[in-house]
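Here, each number is a calculation from the coordinates, and none is a lab measurement. Please read these numbers as outputs of a predicted model, since none were measured by experiment. Note that we place each Cβ from the backbone using ideal geometry, even for glycine, and neighbour counts take in every protein chain shown.
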Amino acid sequence: MTQLVITWPHVAARDRADFLVSDCNRAALGWVERWPDWPGHALVVHGPPGSGKSHLAHVWRERSGARLVGPAELTAGSAPEIAAGGRPVAVDDADQVPERDLLHLYNWCGERGLCLLILARLSPAAWPIGLLDLASRLRAAQIVGIAPPDDALLGAVLVKHFADRQLRVAPGLVAYLVRRMERSFAAAASLAARLDEAALASRAAVNIPLARRILAEVEAQSSAPSSLGVT
């Protein structure tokens, strides 16, 4: 009989104390914590999916009282309402925002002396930007990147994902995964989710045999775009 899996929402801890620091993200955290002592009014943080950009935005919001918005909130004519009350603004997935809307918000914040945190997957130099005004403003901003994780951080990220899901894992599992999984933040998040789902479905412990099976499934699906991959 197939076990019915009920997926309960899990809440990711996003306080400053929960942000895992390593060489790959230390500079980005440093600039966020340096606020309001930025050289200009805008800071761009870029990094791969799952690298902690949104976590940094929440850390900054706690420090600055900023409003956090995404592409759905940032639309034509929305800048005045978003920046109402003189609050700083953080824009997540900024590279998915229409260029004119992002330029309008950038200018609106700059004219009023409001700080703007821009979060994206790629550095602005790699965006296919059509508006020259937006390109010049973003490239003139302070820009800092988050690099792929090293072994220590990748293991710590796995531990955090397991803790967020309230999963108890067998000793040695994290080291086993780090040696075999794709080396990315997104892979760590997806792998933790798959192990959680598999453990619920089979009523099994989250241990090395289960991890071996999941990694084998991932390897078999390696040609799919959403695959985690195994190295």
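Fully extended, how many nm does the chain gain between A147 and D37 (0.36 nm per residue separation, minus their Cα-Cα distance)? If you can, show how the numbers build up before the last one.
On the way: separation 110, 0.36 × 110 = 39.60 nm, distance 2.36 nm.
Between A147 and D37, full extension yields 37.2 nm more.
Would the chain count as rounded, prolate or oblate if I go by the C-alpha gyration tensor, calling it rounded below 1.5 in a/c and otherwise prolate when a/b exceeds b/c, oblate otherwise?
prolate
Using only the Cα atoms of the stretch 124-231, build the gyration tensor, take square roots of its eigenvalues as a ≥ b ≥ c, and label the shape rounded, prolate or oblate: rounded if a/c is under 1.5, else prolate if a/b is larger than b/c, else oblate.
Verdict is prolate for the stretch 124-231.
Cα-based Rg of the stretch 25-145 per 2.2 N^0.38 Å, rounded to two decimals?
0.94
Can you tell me the FRET efficiency between A72 and S222 if r is taken as the Cβ-Cβ distance and R0 is 22 Å, rounded to the nearest 0.05?
Using R0 = 22 Å, I get an efficiency of 0.10.
Which listed residue (A220, L56, A125) has the Cα farthest towards the positive end of the charge dipole for the chain, taking +1 on Lys and Arg C-beta and -1 on Asp and Glu C-beta about the Cα centre?
It is A220.
Out of all DSSP beta bridges with both ends in the chain, state the antiparallel percent to the nearest 5.
Expressed as a percentage, antiparallel bridges in the chain total about 5.
Taking the Cα centre of the chain as origin, work out the dipole magnitude from +1 charges on Lys and Arg Cβ and -1 charges on Asp and Glu Cβ, in debye rounded to 20.
Details: 24 positive and 23 negative charges, 98 e Å.
Computed charge dipole of the chain: roughly 480 debye.
Taking springs between alpha-carbon atoms closer than 10 angstrom, which of W31, W60, W127 fluctuates most in the Gaussian network model of the chain?
W127
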